[in-house]
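Undergrad: Please read through the structure below; I'll follow up with questions.
The values are calculated or read from the model by the stated rules, or taken from the named source; none is laboratory data. Owing to the predicted nature of the structure, the values given are computational and were not obtained by experimental measurement. Positions of Cβ are generated from backbone atoms using ideal geometry, with glycine treated the same way; all protein chains shown enter the neighbour counts.
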Amino acid sequence: MPQAAMLVHARNSDVSLLFIGQVTKKPAMAASKVTRFIGSGSILPETPASLGLSSENGFRSSETATEAARLRFWKADSDASQTGYENLYLAPDMWTRQNTLVTEDLTDAKLFEPFRGFFILP
C-alpha cells in the first residue's frame, strides 16, 4: 500500500526486513484534516518540495507552528541513541524546524529517507 508506515520496537536483537514488490511512481502527498503516520512511498530520499508539501497543495502555512502543517520525525529511527522527535512546520514559503532561534529553509533538504515513516499534522 503506497505511503503506508508502521512502528517496530526491537527489544533484544537486530531486526532484518526483506522488501519485495514493484517500484511504482510515487503518489502525491495530499493534505488532510487529521494527523497521519505515513511514509513517502519512494525508494529514494525525498524533500518536502518533491513530495508537494506546500501551501499551494493545501498544506497550511503560518508564522506560528501550532497554526501550520507540521512534520514529526522519530529521532531514534536514524540514531538509536536519540529520543523524541524532530519537529518541523510549514512557515510562509518554507519548511523549518520548530523551537529554534535560527530559521533554516529545509524545503529542498532530503528529510524523507526511504522506508521511514513520519507523522504529518494538518
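Undergrad: Tally up the residues in the range 56-102 that are more than 18 Å from residue 118 (Cα to Cα), within 17 Å of the chain's Cα centre (by Cα) and at pLDDT 95 or above, please.
TA: Within the range 56-102, residues that are more than 18 Å from residue 118 (Cα to Cα), within 17 Å of the chain's Cα centre (by Cα) and at pLDDT 95 or above number 3.
Undergrad: Mind listing whichever residues of the range 106-121 are part of a loop (DSSP other than H, G, I, E, B) and either touching a Cys at 6+ places or on another chain (Cβ under 6 Å) or small (Gly, Ala, Ser) (or both)?
TA: 109
Undergrad: Next up: Being closer than 23 Å to residue 100 by Cβ and either surrounded by 15 or more Cβ atoms within 10 Å (Cβ to Cβ) or in contact with an Asp or Glu (Cβ under 8 Å, 6 or more places away or on another chain) (or both) is the filter here, so list the residues in the range 30-47 that pass it.
TA: Residues satisfying the conditions are 45, 46, 47.
Undergrad: Residue under question is residue 81, and the condition is that it be small (Gly, Ala, Ser), more than 17 Å from residue 104 (Cα to Cα) and either in contact with a strand residue (DSSP E or B) (Cβ under 7 Å, 6 or more places away or on another chain) or loosely packed, with under 12 Cβ neighbours inside 10 Å (or both); does it hold?
TA: Criteria met by residue 81.
Undergrad: With respect to the numbered conditions (1) assigned to a loop (DSSP other than H, G, I, E, B); (2) surrounded by fewer than 16 Cβ atoms within 10 Å (Cβ to Cβ); (3) of a type in the set (Gly, Ala, Ser), which one is the sole condition not fulfilled by residue 50?
TA: Looking at each condition in turn, residue 50 falls short on (2).
Undergrad: May I ask you to verify whether residue 57 is closer than 14 Å to residue 31 by Cα and loosely packed, with under 14 Cβ neighbours inside 10 Å? Steps first, answer last, please.
TA: Details: closer than 14 Å to residue 31 by Cα: yes; loosely packed, with under 14 Cβ neighbours inside 10 Å: yes.
Yes: the conditions hold for residue 57.
Undergrad: Restricting the first residue to the range 30-46 and requiring it to be on the phi < 0 side of the Ramachandran plot, which pairs with a second residue that is modelled with pLDDT under 90 and not in a loop (DSSP other than H, G, I, E, B) meet a Cβ separation below 7 Å and a spacing of at least six or different chains?
TA: Listed by first residue and then by second, the contacts come to 37/117; 38/117; 39/117.
Matching residues to (1) of a type in the set (D, E, K, R); (2) under 16 Å from residue 118 (Cα atoms); (3) at pLDDT below 80; (4) in a loop (DSSP other than H, G, I, E, B):
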site: 2; (1), (2), (3), (4): no, yes, yes, yes
site: 7; (1), (2), (3), (4): no, yes, yes, yes
site: 12; (1), (2), (3), (4): no, no, yes, yes
site: 21; (1), (2), (3), (4): no, no, yes, yes
site: 25; (1), (2), (3), (4): yes, no, yes, yes
site: 104; (1), (2), (3), (4): yes, no, no, yes
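Undergrad: Of all residues in the range 84-122 being closer than 21 Å to residue 50 by Cα and aromatic (Phe, Trp, Tyr), which is surrounded by the most Cβ atoms within 10 Å (Cβ to Cβ)?
TA: Here the answer is 95.
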